[in-house]
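To start, the structure itself, in structure tokens.
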Amino acid sequence: MNEFLLFLIAGLAVFRISSLAAKEDGPYGILEKFRKFVGVRIDEFGNTYGKNEFSRGLLCIWCNSVWIGEIFAIIGVVIGLYHWLLFPVIGLALSTVSIIVEQTLVYLLSHSKT
């Protein structure tokens, strides 16, 4: 399979996992329970906030996609897709794909209401 196509698929997977971790309940509410366990709370207006650095980072797709992207990059190194020296930049690039997808969705959703 084309390496560029694999990179795009991995970037979309990073976005999906980042979105799940930050915003979605998951099956049987398991992700919501995990967020509550690590310190994510909901204020009286329904806004989520973190009580510690980890929980604040978990709620931010821009933040958690960096770590998830690095995990995907390490997997790419292990299976021989990338040279081991490239894993830091591959992880950041995967995070960038995730951020571009997220910002595109935000833009499209904000302009579809007009």
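Kindly provide the set of residues from the range 85-114 that are of a type in the set (D, E, K, R), in a helix (DSSP H, G or I) and more than 14 Å from the chain's Cα centre (by Cα), ordered by number.
Result: no residue meets the conditions.
Under the condition of being polar (S, T, N, Q) and assigned to a loop (DSSP other than H, G, I, E, B), which residue from the range 16-69 is modelled with the lowest pLDDT? It would help to see each step written out before you state the result.
Start the filter on the range 16-69 by keeping residues that are polar (S, T, N, Q), which leaves 18-19, 47-48, 52, 55, 64-65.
Restricting the remaining residues to those that are assigned to a loop (DSSP other than H, G, I, E, B) gives 47, 52.
Working: ASN47: 91, ASN52: 94.
Ranking the candidates gives ASN47 first.
For ILE99, indicate whether it is of a type in the set (A, V, I, L, M, F, W, C) and within 19 Å of ARG16 (Cβ to Cβ).
yes
Scan (1) out of contact with any helix residue (DSSP H, G or I) (no Cβ under 6 Å at 6 or more places or on another chain); (2) without any contact (Cβ under 8 Å) to a residue 24 or more places away in the chain; (3) assigned to a loop (DSSP other than H, G, I, E, B); (4) of a type outside the set (D, E, K, R) for the single condition LEU81 breaks and write down its number.
All conditions pass for LEU81, except number (2).
Scan the range 42-73 for residues that are among the aliphatic types (A, V, I, L, M), crowded, with 16+ Cβ neighbours inside 10 Å and within 25 Å of LEU6 (Cα to Cα) and jot them down.
Hits for the range 42-73 are ILE61, VAL66, ILE68, ALA73.
Of the conditions (1) surrounded by 15 or more Cβ atoms within 10 Å (Cβ to Cβ); (2) under 23 Å from SER98 (Cα atoms); (3) touching a Leu at 6+ places or on another chain (Cβ under 9 Å), GLY39 satisfies every one except a single condition; which number is it?
Condition (2) is where GLY39 drops out.
Give the range 48-62 a look and list any residue that's free of Cβ contacts under 8 Å to residues at least 24 places away in the same chain, out of contact with any Asp or Glu (no Cβ under 7 Å at 6 or more places or on another chain) and closer than 26 Å to LEU12 by Cα, or say none.
Matches in the range 48-62: THR48, GLY50, GLU53, PHE54, SER55, ARG56, GLY57.
In this structure, is LEU8 assigned to a helix (DSSP H, G or I) and touching a residue at least 60 places away in the same chain (Cβ under 8 Å)? Spell out the reasoning first.
Numbers: assigned to a helix (DSSP H, G or I): yes; touching a residue at least 60 places away in the same chain (Cβ under 8 Å): yes.
In short, yes.
I want to confirm something. Restricting to the range 95-114 and keeping residues that are within 13 Å of VAL66 (Cα to Cα) and polar (S, T, N, Q), which single residue is surrounded by the most Cβ atoms within 10 Å (Cβ to Cβ)?
Filtering the range 95-114 for residues that are within 13 Å of VAL66 (Cα to Cα) and polar (S, T, N, Q), the one surrounded by the most Cβ atoms within 10 Å (Cβ to Cβ) comes out as SER98.
The values are calculated or read from the model by the stated rules, or taken from the named source; none is laboratory data. The model shown is predicted, which means the values in this text are computed figures rather than measured ones. Every residue, glycine as well, gets a Cβ built from its backbone with ideal geometry; the counts of neighbours run over all protein chains shown.
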